[in-house]
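Encoded as structure tokens, the structure appears first; notes follow it.
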Amino acid sequence: MPIATDPLSRSFFALADPTRRRLLELLGRGTASVNELAERFDMSRPAISQHLKVLEDAGLISRTKAGQYRTCELRPEGLSEAEAWVIEHRALWQARFDQLDEVIRGQQLPAHPEEEL
């Protein structure tokens, strides 16, 4: 199956991995170099760089090169489309659950059936 290229799919793909979510948490504390980030994980620097590339492609972080150092910075606005999708669908799902609750309440038997006699 080909990887989706639309921004929303890229965001969710990037967020689907626990290592990438942890990288976002670390960058939420401030800008960090690739080496500083790699030190926090039990994996190779190239593996961390691949995760960072996925985050960058999704628009969730930016990377800049200063000399031989690469720094990464969180781009919170990169989550806005995913956030809007979740909010919209949460409201839809909540409305459906509310409707289901109403149906279930209408079909519930009395706690003590003998009381209806």
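Convex hull volume of the Cα atoms of the stretch 18-71, normalised per residue: 74 Å³.
Each label was represented as a point 7 Å from its Cα along the Cα-to-Cβ direction; for W93 and L26 these points are 3.0 nm apart. Amide H to amide H distances under 5 Å link I61 with E56, R75, where only residues 5 or more positions off or on other chains count and H is placed in the peptide plane.
A cut-off under 15 angstrom between Cβ atoms defines the neighbours of P7, and their net charge, with Lys, Arg +1 and Asp, Glu -1, is -4. Working from label points 7 Å from Cα in the Cα-to-Cβ sense, the E73 to M43 distance is 2.5 nm. Remark: the I104-S9 segment gains 30.7 nm on full extension, using 0.36 nm per residue and subtracting the alpha carbon distance. Label-point separation (nm) for E36 and D17, each offset 7 Å from Cα along Cα-to-Cβ? It works out to 2.2 nm between the two label points. Applied to the stretch 87-94, the Karplus parametrisation 6.51 cos²θ - 1.76 cosθ + 1.60 on θ = phi - 60° returns per-residue 3J(HN,Hα) values of 4, 4, 6, 4, 4, 4, 5, 4 Hz, with x for Gly and Pro.
With all protein chains kept in place, the per residue accessible area of the stretch 1-107 amounts to 70 square angstrom at a probe of 1.4 angstrom. Ranked from largest, the principal axis spans of the Cα set of the chain equal 86, 31, 29 Å. As a fraction of the 1.4 Å probe accessible area of the chain, surface on carbon and sulfur atoms comes out at 54 percent. For A32, the residues whose modelled amide H falls within less than 5 Å of its own, excluding neighbours fewer than 5 places apart on the same chain, are C72.
The values are calculated or read from the model by the stated rules, or taken from the named source; none is laboratory data. On a predicted model such as this, the values are computed, not experimentally measured, just so you know. Neighbour counts are summed over all protein chains in view; Cβ atoms, including those assigned to glycine, are modelled from backbone coordinates with ideal geometry. Side chains are part of the model used for accessible areas, which takes the heavy atoms of the whole protein and leaves out ligands, DNA and RNA. Shrake-Rupley method; radii C 1.70, N 1.55, O 1.52, S 1.80 Å.
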